[in-house]
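Structure first, commentary second.
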Amino acid sequence: QVQLVESGGGLVQPGGSLKLSCAASTGIIFPIYAMGWYRQAPGKQRELVATITPDGDTNYLAVVKGRFTISRDNAKKTAFLQMDSLKPEDTAVYYCNAGTFIRNDYRPGDYWGKGTQVTVSS
């Protein structure tokens, strides 16, 4: 059974940092997938925050660029999202996804994690 499991969320003060992890189960051929991190705040639509191609090329939502860093370790079948200089508006449930790129657009795949809560508050 294919699973993506997020971890690393929590409560942090504004200006703080968190590092999220997304571990893939053995049922997924991790290196061939692009990976995406999404977030969904209460009452808002899910939005794509960051993506990384199988080759390591990255892209970011404008409001997190310069503060968040996506990375991956194919040997460990794990994707990461380093979040620095966190703001209250970053508060959301963060999800990882294994997908593909079609003509430079990230297309989410069927594999989703259950999410990890990030709360930025003083």
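Under 5 Å between amide hydrogens, built in the peptide plane, is the criterion, and for Ala50 it picks out Trp37, Leu61 among residues at least 5 positions away or on other chains. Taking the protein heavy atoms of the chain in the context of the full set of protein chains, the accessible area attributed to carbon and sulfur is 48 percent at 1.4 Å.
Whole-Hz Karplus values for segment 90-103 come out as 7, 4, 4, 8, 9, 10, 10, 8, 9, x, 9, 10, 10, 6 Hz, taken residue by residue from phi with 6.51 cos²θ - 1.76 cosθ + 1.60 and θ = phi - 60°; glycine and proline positions read x.
Given a cut-off of under 8 Å on Cα pairs at least six residues apart, what relative contact order in percent is computed for the chain?
35
Taking packing as the residue-averaged number of other Cβ atoms within 10 angstrom, the listed peptides 24-33, 44-53 run from highest to lowest as 44-53, 24-33. Calculated accessible area for the chain comes out at 55 Å² per residue, all protein chains present (probe 1.4 Å; ligands, DNA, RNA ignored).
For Thr91, nonlocal amide neighbours, meaning residues 5 or more places apart or on other chains whose placed amide H falls under 5 Å from its own, are Val120. If you count Lys pairs in the chain whose Cα atoms are under 19 Å apart, skipping same-chain pairs closer than 8 places in sequence, the total is 9.
The values are calculated or read from the model by the stated rules, or taken from the named source; none is laboratory data. Keep in mind that what you see is a predicted model, and the values were worked out from it rather than measured. Please note: Cβ atoms are built from the backbone with ideal geometry, for glycine as well, and neighbour counts cover all protein chains shown. Just the protein is used for accessible areas: all its heavy atoms, side chains included, with ligands, DNA and RNA removed. Shrake-Rupley method; radii C 1.70, N 1.55, O 1.52, S 1.80 Å.
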